[in-house]
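Engineer: The structure under discussion is supplied below as structure tokens; questions concerning it will follow.
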Amino acid sequence: MEPYRIKAVEPIPFPSEVERERALTKAGYNLFRVPASQVTIDLLTDSGTGSMSAAQWAAMMTGDEAYACSPSYERFESVLRDLSGFDEIMPVHQGRAAERVVFSTLLGPGDIVVSNTHFDTTRAHVEVTGSAAIDLPCPEAADLDSDYPFKGNIDLQALTGLLTGPDGHRVKAVVMTITNNGGGGQPVSLENLRRVRTVCNEHGLPFLLDASRFAENSWLVLQREQGHGFREPIEVARATFDLADIFWASLKKDGLANIGGVIGVRENAALAGRFRQEVILNEGFSTYGGLAGRDLDALAQGLTEVIDPRYLADRADTARWFAETLHKAGVPVVQPAGCHAVYVRAGEILPHIPAHQFPGHAWSCALYLEGGIRAVEFGTLLLGSGGGKAPHELVRLALPRRVYTRSHLEFVAESAINVGRLADDLTGYRIVGASPALRHFTAVLEPIPRDNAPPVADARASTAG
Ligand SMILES: Cc1ncc(COP(=O)(O)O)c(C=O)c1O
């Protein structure tokens, strides 16, 4: 059960069917553009959407708003130093700000960065420097049914192959994203992280850690990986940070607060100085990094709460139960569930909608129309800006931290089951207007009329072929 009780509540909106239809049409069929006041259950993201504890709200009142070197920064720095063992800690306003600082400093045109999977903002910040972002997920990640425990791992053989091949000299860093948000929220094993460290040592490369969900990854390592002798998630977290040269995190996730990010640099004063310069140019003085003192205090407290085994056990159990509930009702999901989201295999529910007509998006829109539930497509709309096709057409049902109860999620499951019944009648979408980078955030779309869509039977036959 949840290891907390509810002290403050807020009503949730219940737009009518007509209001939902109107809101979706007005938003150009893009759920990012639908007003939150028209959403009943908001599973768009787990980022910055969590509830803070009474202790965090109290900590905010101790926030010190001095421009430089405030006590709030000292508390923030001290918690992160203890947790990570890194000596240079720089706050930034969110994860992508950290990515901008790190990649604009480290990369130039023609460089390559390799990752288990770059998250979309990470990829965008690599590519904007003229570099290439290469994903090398482990082969087990391709099988959405298998219960392989660490589908977030990088493919070590492919990594070594790339580094010893003709483009090896262009590789400037390896990024490990824990957990692997772009790859179904799957965890990365400590064994895999350790072997990446060895490969980085052999090739003189920096090991970069995107630690946005470090606590959730640590919990899943503790549950699923034998032989390390760890008893507490905080020990796994420390062992993970110990492997990296640089880390950053969007603290809107495991910081348990609504805004914030951080960059950590280990024993490299010159590099830290270059990052600090970028932080000051873009974010503000390097002891507040675009945040208020009260945000730093909320984060310092949140980072001590997130590593609590009872909290993490409940979070993982809720995700597992939600995935099981959907699976048993015939809604296919990526197995096994991680912590922060359940990923629905929309491409399998709507096999008559080809990838370029965005089946995941069609399923998300149908879920919104059915129950006022907002989710996000993780398929060709999000991953295929360059004209490519996503490996899987998924929809992410993200779980905000400490916000929704299981009865809210039961309602989501019922709505998802109802959408399944409508599947044959759903059609795809086409893009009417979109920006070249991160197009899913702002794209305007329109449904493809039934007459223009391929007949269900024909499309199924061609998909199967
Ligand atoms: C793994 C990962 N890295 C980076 C980011 C970007 O963080 P932010 O949204 O705080 O800019 C996210 C956001 O969801 C993420 O999941």
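The values are calculated or read from the model by the stated rules, or taken from the named source; none is laboratory data. Keep in mind that what you see is a predicted model, and the values were worked out from it rather than measured. Positions of Cβ are generated from backbone atoms using ideal geometry, with glycine treated the same way; all protein chains shown enter the neighbour counts. Accessible surface is based on the protein model in full, side chains and every heavy atom, while ligands, DNA and RNA are left aside. Shrake-Rupley method; radii C 1.70, N 1.55, O 1.52, S 1.80 Å.
Engineer: Taking the dipole about the Cα centre of the range 54-305, with the C-beta of Lys and Arg at +1 and of Asp and Glu at -1, give me whichever of Thr160, Ile280, Ala239 is farthest to the positive side.
Structural biologist: Ile280
Engineer: Same structure again: Between Asp143 and Thr105, what is the label-to-label distance in nm when each label sits 7 Å out along the Cα-to-Cβ direction?
Structural biologist: Between Asp143 and Thr105, the simple spin-label model gives 4.2 nm.
Engineer: Could you give the distance between the Cα centres of the range 155-169 and the range 109-150, to the whole Å?
Structural biologist: 14 Å
Engineer: Hey, another quick one. State the dimensionless ratio Rg/Rh of the range 54-305 (Rg: radius of gyration of Cα atoms; Rh: Kirkwood radius).
Structural biologist: For the range 54-305, the value is 0.97.
Engineer: Now for a different question. Keeping all protein chains in place and using 1.4 angstrom, which order do Asp295, Asp143 fall into by accessible surface area, from largest down?
Structural biologist: Asp143, Asp295
Engineer: Using 17 Å as the cut-off for backbone N distance, which residues of the range 410-435 belong to the label zone defined by a point 7 Å from the Cα of Asp451 along Cα→Cβ?
Structural biologist: Under 17 Å, as judged by backbone N against the label point of Asp451, lie 427-428 of the range 410-435.
Engineer: Further, regarding this structure: Expressed in nm to one decimal, what extension gain is obtained for the pair Asp314 and His356 from 0.36 nm per residue of sequence separation less their Cα-Cα distance?
Structural biologist: 11.3 nm is the gain from fully extending Asp314 to His356.
Engineer: Which angle between 0 and 90 degrees, to the nearest 10, do you get for helix 71-84 versus the longest principal axis of the chain when only C-alpha atoms count?
Structural biologist: Result, in degrees: 80.
Engineer: Loop-only chymotrypsin sites (Phe, Trp or Tyr not before Pro) in the range 21-88, please: DSSP not H, G, I, E or B, and at most 13 other Cβ atoms within 10 Å.
Structural biologist: Tyr67
Engineer: Taking every DSSP beta bridge with both residues inside the chain, roughly what % is antiparallel (nearest 5)?
Structural biologist: Within the chain, antiparallel bridges account for around 60 percent of the total.
Engineer: Near the amide H of Gly184, under 5 Å away, which other amide H atoms are found, from residues 5 or more places off or on another chain, if H is placed in the peptide plane?
Structural biologist: So Gly184 has HN proximity to no qualifying residue.
Engineer: Distances over 37 Å make up what percent of all Cα-Cα pairs in the chain?
Structural biologist: 24 percent
Engineer: For helix 293-305, report the angle its Cα long axis makes with the longest principal axis of the Cα atoms of the chain; keep it between 0 and 90° and round to the nearest 10°.
Structural biologist: 80 degrees
Engineer: Nearest 10 degrees, 0 to 90: what angle lies between the long axis of helix 17-26 and the longest principal axis of the chain (Cα atoms)?
Structural biologist: 60 degrees
Engineer: Using r as the Cβ-Cβ distance of Arg224 and Arg22, and R0 as 60 Å, what FRET efficiency do you calculate, to the nearest 0.05?
Structural biologist: Here the calculated transfer efficiency is 0.85.
Engineer: Normalised by the residues of the range 54-305, what does the relative contact order come to in percent, with Cα pairs under 8 Å and at least six apart?
Structural biologist: Contact order relative to length: 31 percent.
Engineer: With the Cα gyration tensor of the range 295-413 giving a ≥ b ≥ c as the square roots of its eigenvalues, does the rule (a/c under 1.5 for rounded; else a/b larger than b/c for prolate; else oblate) give rounded, prolate or oblate?
Structural biologist: It is prolate, given that a/c is not under 1.5 and a/b is the larger ratio.
Engineer: Can I ask one more? 7 Å from Cα along Cα→Cβ at both Asn268 and Glu202: what's the point-to-point distance in nm?
Structural biologist: Between Asn268 and Glu202, the label points sit 2.1 nm apart.
Engineer: At 7 Å along the Cα-to-beta-carbon direction for both Ile417 and Lys7, put a label point, then send me their distance in nm to one decimal.
Structural biologist: 3.7 nm
Engineer: Still on this structure, please answer the following. Leaving ligands, DNA and RNA out of it, work out the accessible area of Thr427 with a 1.4 Å probe and give it in Å² to the nearest 10.
Structural biologist: Number for this one is 20 Å².
Engineer: Using the crude model of +1 on Lys and Arg Cβ and -1 on Asp and Glu Cβ, and no other charge, please compute the dipole size for the chain relative to its Cα centre, in debye to 20.
Structural biologist: That gives a dipole near 340 debye.
Engineer: So for the chain, taking the charge dipole from beta-carbon charges (+1 Lys/Arg, -1 Asp/Glu), which of Tyr73, Leu382, Thr442 sits furthest toward the positive end?
Structural biologist: The listed residue farthest towards the positive side: Thr442.
Engineer: Next question, about the same structure. Tell me the carbon and sulfur percent of the accessible area for the chain, rounded to whole percent, probe radius 1.4 Å.
Structural biologist: The value for the chain is 53 percent carbon and sulfur by accessible area.
Engineer: Another question, then. For the range 1-102, what is the largest minus smallest coordinate of the Cα atoms on each principal axis, given in angstrom and ordered from greatest to least?
Structural biologist: For the range 1-102, the Cα spread along each principal axis is 54, 37, 30 Å.
Engineer: Let me ask something else about it. For Glu324 and Ser407 in the same chain, what is the full-extension length gain: residue separation times 0.36 nm, less their Cα-Cα distance, in nm?
Structural biologist: 28.4 nm
Engineer: Where in the chain is the longest stretch that carries no GluC sites (Glu not before Pro) classed as loop by DSSP and with at most 13 other Cβ atoms within 10 Å?
Structural biologist: Counting only loop sites that pass the neighbour cut-off, the longest clear stretch is 66-266.
Engineer: Follow-up. Please get the size of the charge dipole for the range 1-95, origin at its Cα centre, with Cβ charges of +1 on Lys and Arg and -1 on Asp and Glu, quoted in debye to the nearest 20.
Structural biologist: For this selection, approximately 420 debye.
Engineer: In the range 259-291, which residues have a backbone nitrogen under 16 Å from the label point lying 7 Å from Tyr67's Cα in the Cα-to-Cβ direction?
Structural biologist: Under 16 Å, as judged by backbone N against the label point of Tyr67, lie 280-291 of the range 259-291.
Engineer: Which value, in Å², gives the accessible area per residue of the range 54-305 when a 1.4 Å probe is used on the protein heavy atoms?
Structural biologist: About 37 Å² of surface per residue is accessible.
Engineer: Exactly which chymotrypsin sites (Phe, Trp or Tyr not before Pro) in the range 386-441 are in a DSSP loop and have at most 15 other Cβ atoms within 10 Å?
Structural biologist: Here no loop site has a sparse enough neighbourhood.
Engineer: Let me ask something else about it. Please report how far the C-alpha centroid of the range 344-402 lies from that of the range 235-310, rounded to the nearest whole angstrom.
Structural biologist: Distance between centres, Cα-based: 31 Å.
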